[in-house]
Amino acid sequence: LGSSTAPERVGKVRVAVVGDTGSGKTSWVHLIRANGSHGGSRGAGAASVRVQERTMGCKPEVMMMVFDEVGMMGGANPSRPYFVEMWDVGGHHEWKNLRAAFYADLDGVVLVHDLTRRRTLGRLARWAREIAASASFASRTLAGSETDARDAMA
């Protein structure tokens, strides 16, 4: 191992990706994995996505990504590699009683909704409450999926 990937230099980040079933969570994780593995931040449309099967319970994806860290005074520190765990949590109601187990030790949450189905956006507050009841974390992000379908409908 080189000095930049020595075990003490590699961080770990665990992120849950949640939203209604069929909202595009798995596709979003696949896009991040495909685009993020290059160490840069390319647009989400840079990789193609195929139709995904319904997630049963939870499907973790682990990838190595390199980020520039920001110091206490706002200055950039040297880049640091991180193992990023993206926990793609099944959105179907049959998994509700199991989901709390997936929310332990989170560093963040991505709330995903389908731009072509307005009700998925309205349900994100319910998802946020469900997670808040089981986990504490610092970061939340909102992601809208199906932008290609929305643009085609316009």
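The values are calculated or read from the model by the stated rules, or taken from the named source; none is laboratory data. Bear in mind that the values here come from a model prediction, so they are computed numbers and not experimental data. Positions of Cβ are backbone-derived with ideal geometry, glycine not excepted, and every protein chain shown enters the neighbour counts. Calculation scope for accessible area: heavy atoms of the full protein, side chains included, ligands and nucleic acids excluded. Shrake-Rupley method; radii C 1.70, N 1.55, O 1.52, S 1.80 Å.
Each residue of region 18-26 was assigned a 3J(HN,Hα) from its phi angle through the Karplus curve 6.51 cos²θ - 1.76 cosθ + 1.60 (θ = phi - 60°); the sequence is 10, x, 4, 4, x, 7, x, 4, 5 Hz, with glycine and proline shown as x. Among the protein heavy atoms of region 74-141, carbon and sulfur supply 52% of the accessible surface, probe 1.4 Å, non-protein parts ignored. Once both labels are positioned 7 Å from their Cα atoms along Cα-to-Cβ, the gap between ALA101 and PHE83 label points is 2.0 nm. What residues from region 97-136 fall in the zone where the backbone N is under 15 Å from a label point 7 Å along the Cα-to-C-beta line of GLU61? Answer for this model: 110-113.
The modelled label-to-label distance between ARG119 and THR141, using points 7 Å beyond Cα along the C-beta direction, is 2.8 nm.
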